[in-house]
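Everything below concerns the one structure shown next.
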Amino acid sequence: QLQASGGGLVQAGESLRLSCSASGRSFSNGVMAWFRQAPGKEREFVAVSWRSGATYYADSLKGRFTISRDKAKNTMYLQMNSLKPEDTAVYYCAASTSIILSRVRESDGYGYWGQGTQVTVSS
């Protein structure tokens, strides 16, 4: 029901925009988020967008990444600027129709997941 796209191979300092399209159900009244998982590491929280439009980011990514949503298109985006080699990971989109505030950074708080899109940043 979630389809992530937009990943690719870029050089350090360049930008990418990821998309996450939802089908089968609307998440316009729910919470949508991005996570990422680098090789050999645990999946980590990137950013979340509430239905109100409020957003929240992992501290280390503030200022470089921007999450946004187009409710009419049932699509979420992640604009990634000034990419670094350490941003290399598989990026996943996730959604929840209802999540406890304290769990928004926890992957098991989300019931819907996309398949992931690979982002590789070369130095």
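Phi angles across the range 19-34 convert, under the Karplus curve 6.51 cos²θ - 1.76 cosθ + 1.60 with θ = phi - 60°, into 3J(HN,Hα) values of 10, 9, 9, 9, 9, x, 7, 9, 10, 4, 9, x, 10, 10, 8, 10 Hz, Gly and Pro given as x.
Scalar couplings 3J(HN,Hα) for the range 99-107, obtained by applying the Karplus form with A = 6.51, B = -1.76, C = 1.60 to θ = phi - 60°, are 9, 6, 3, 5, 10, 5, 8, 9, 5 Hz; x denotes Gly and Pro. Over the chain, accessible surface divided per residue gives 51 Å², non-protein components excluded, 1.4 Å probe.
Rounded to the nearest 20, the Cβ-based charge dipole of the chain about its Cα centre (Lys and Arg +1, Asp and Glu -1) stands at 340 debye.
Binning the alpha carbon pair distances of the chain at 10 angstrom intervals from zero yields the distribution 14, 50, 30, 5, expressed in whole percent.
Surface composition of the chain: carbon and sulfur atoms hold 44% of the protein heavy-atom accessible area at a 1.4 Å probe. Contact order, relative form, for the chain: 37 percent (alpha carbon pairs under 8 Å, 6 or more residues apart, mean separation divided by residue count). Is the range 39-111 best put as rounded, prolate or oblate by its Cα gyration tensor, with a ≥ b ≥ c the root eigenvalues, rounded for a/c under 1.5, and otherwise prolate when a/b is larger than b/c, oblate when not? Here the range 39-111 falls in the oblate category.
Give me the count of lysine pairs in the chain whose alpha carbons sit under 25 angstrom apart, restricted to pairs 8 or more positions apart or on different chains.
Taking the chain as the scope, the lysine pair count is 4.
For the range 68-73, backbone phi angles converted through the Karplus equation (6.51, -1.76, 1.60; θ = phi - 60°) give residue-by-residue couplings of 8, 9, 10, 5, 4, 9 Hz, Gly and Pro being listed as x.
The values are calculated or read from the model by the stated rules, or taken from the named source; none is laboratory data. Quick caveat, the model's predicted, so the values are computed rather than measured. Backbone-built Cβ (ideal geometry, glycine too); neighbour counts: all protein chains shown. Note: accessible area is taken over every heavy atom of the protein model, side chains too, but ligands, DNA and RNA are not part of it. Shrake-Rupley method; radii C 1.70, N 1.55, O 1.52, S 1.80 Å.
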